[in-house]
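Undergrad: Before we start, here is the structure in question, set down as structure tokens.
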């Protein structure tokens, strides 16, 4: 794996948060809008490999990767060097004014890596939400249709259109409407909560039937779906669900958009989550892990679809920033040379058996799921499938107190997710898992007392 600049250890020298983090929190309260939330109350000073060092000198294990962004590590030497080298020459010219090679090179690489061997083209943006907006925009123009199908538990962003596509109201949508029209929500394949024995093909037929009844396939411009849902709870659809939807969309002239903002770039044990079932989307949206922490996103899709958009119809002042493009090329190079997709699979091999054993031991884990280094447990009240968000919060708090940064998610707020950097060492991963196991035990004992 990568050479580590910082010691890869968990080390606590203060309580959480420490005094300097508390000082920064007070400054933040005066200067930063209250609508911006943070998962943990500690402030980062340094990060490398699988650790975050806070301003008080605590070395914390990172099980979040900045929400699946720093897969190669938060200060990977190749990425840092590429950023510095590009910044020394120019930080911006605007690709729409004076273009540059880095943007072209990233587009070429995305055509190579994304699923399918058809002719592809790309357009670069800054955030996942921007990529989603522009994929939908291009699909509507290319098809001449308006309706867009999204799914229960989906998360696609916080802009107006992407809020409409996102399922969960609080905190993402509450009181922010009205939302963009012609967005329709269909049932997702959710094996843990679907009727027992429902197959992926049956779940797809359930959604297709509702699309036909509620919209009519001739009116649908696009279906957009996360191959593994992220914020909705790391929901892995039953086998066959995605291929059946994609094939139906192809037969009906509907653009099938895979939102791989969180799942892409080796996170699930393949370059993209669509690869696991051989699904070839018409368009794919990407961000997060693409550029080692620099803001960059992309839409890659069928050339015949994207080329229907008139010149000037796609773009943005900062889209495909040259420094971010340099970071992306360096990060992808690291992923290839270190075979981080294989590393993601090895992480699953180390983590999943322990999570399943913990489920057997405690009785409060209803489901262990995910792929590669995108893993989760769904916490429920013992002996039921009733979501237990309070227990989930307690586990996260206990883990932080012991020096592990974690994330929760899920429509019901009861899913505990693991997104370690793919560069994390086995020893650090093992230590973090031990903390997590103890945190679940501690939270269960506290709930019982």
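Undergrad: Would you mind estimating how fast the range 368-411 diffuses translationally, via Stokes-Einstein at 37 °C and 0.692 mPa s with the Kirkwood radius over Cα pairs, in µm²/s?
TA: 284 µm²/s
Undergrad: Which percent, nearest 5, of DSSP beta bridges in the range 79-337 are antiparallel?
TA: Of the beta bridges lying entirely in the range 79-337, close to 45 percent run antiparallel.
Undergrad: Could you give the length gained on full extension between residue 317 and residue 158, defined as 0.36 nm per residue of separation minus the Cα-Cα distance, in nm?
TA: Value of the extension gain: 55.3 nm.
Undergrad: Further question on the same structure: At residue 104 and residue 434, where each label point lies 7 Å from the Cα along Cα→Cβ, what is the point-to-point distance in nanometres?
TA: It is 5.3 nm.
Undergrad: Please find the FRET efficiency linking residue 426 to residue 448, where r is the Cβ-Cβ separation and R0 is fixed at 45 Å, and quote it to the nearest 0.05.
TA: Efficiency computed from Cβ-Cβ geometry: 0.85.
Undergrad: Gaussian network model of the chain, Cα springs within a sub-10 Å range: biggest mean-square fluctuation belongs to which of 170, 198, 96?
TA: 170
Undergrad: By the gyration tensor of its Cα atoms, with a ≥ b ≥ c the square roots of the eigenvalues, what is the shape of the range 252-295: rounded for a/c under 1.5, prolate for a/b over b/c, or oblate?
TA: oblate
Undergrad: Let me make sure I get this right: for the range 215-372, a, b and c are the square roots of the gyration tensor eigenvalues over alpha carbons, sorted descending. Under 1.5 in a/c it's rounded, otherwise prolate if a/b > b/c, else oblate. Which is it?
TA: oblate
Undergrad: For the range 337-449, compute Rh as the Kirkwood radius over C-alpha pairs and then the Stokes-Einstein diffusion coefficient at 37 °C and 0.692 mPa s; write the answer in µm²/s, rounded to an integer.
TA: 232 µm²/s
Undergrad: Among 228, 211, 332, which one moves the most in a GNM of the chain with springs linking Cα atoms closer than 10 Å?
TA: 211
Undergrad: Distance from the Cα centre of the range 67-133 to that of the range 371-408, in angstrom?
TA: The range 67-133 and the range 371-408 have Cα centres separated by 33 Å.
Undergrad: Something else: Report for the chain the percent antiparallel among DSSP-assigned beta bridges with both residues inside it, nearest 5.
TA: About 65 percent, rounded to the nearest 5.
Undergrad: Name the residue, out of 345, 417, 354, whose mean-square fluctuation peaks in a Gaussian network model built on the chain with Cα pairs under 10 Å.
TA: Largest GNM mean-square fluctuation: 354.
Undergrad: Once you place label points 7 Å from the Cα toward the Cβ at residue 14 and residue 173, how far apart are they in nm?
TA: 4.0 nm
Undergrad: Taking the number of other C-beta atoms within 10 Å as the exposure measure, put 90, 272, 416, 179 in order starting with the fewest.
TA: 90, 179, 272, 416
Undergrad: Would you please give the FRET efficiency between residue 361 and residue 310, computed as 1/(1 + (r/R0)^6) with r the Cβ-Cβ distance and R0 = 56 Å, to the nearest 0.05?
TA: Result of the calculation: an efficiency of 0.40.
Undergrad: A follow-up question, please. 222 nm [θ] for the chain, helices only, -39500 (n - 2.57) per DSSP H run of 4+, per residue, to 500?
TA: It comes out at -12000 deg cm²/dmol, rounded to the nearest 500.
Undergrad: Same structure, new question: Rounded, prolate or oblate for the chain? Axes are the square roots of the Cα gyration tensor eigenvalues, ordered a ≥ b ≥ c, and the cut-off for rounded is a/c under 1.5.
TA: Oblate, because a/c is 1.5 or more while a/b does not exceed b/c.
Undergrad: I would also like to ask the following. Once you have the Cα-Cα distance between residue 96 and residue 202, take 0.36 nm times their residue separation minus that, and quote the gain in nm to one decimal.
TA: 33.6 nm
Undergrad: Does a label point 7 Å from the Cα of residue 210, set along Cα-to-beta-carbon, have any residues of the range 166-191 with amide nitrogen under 17 Å, and which are they?
TA: Label zone hits: 166-169, 182-191.
Undergrad: Between residue 89 and residue 5, take the C-beta separation as r, use R0 = 22 Å, and let me know the FRET efficiency to the nearest 0.05.
TA: 0.35
All of the numbers you see were taken from the coordinates with simple rules; none came from a lab. Only a predicted model underlies this, so the values are computations on that prediction, with no experimental measurement involved. A quick note on method: Cβ atoms are made from the backbone with ideal geometry, for glycine too, and the neighbour counts reach across all protein chains shown.
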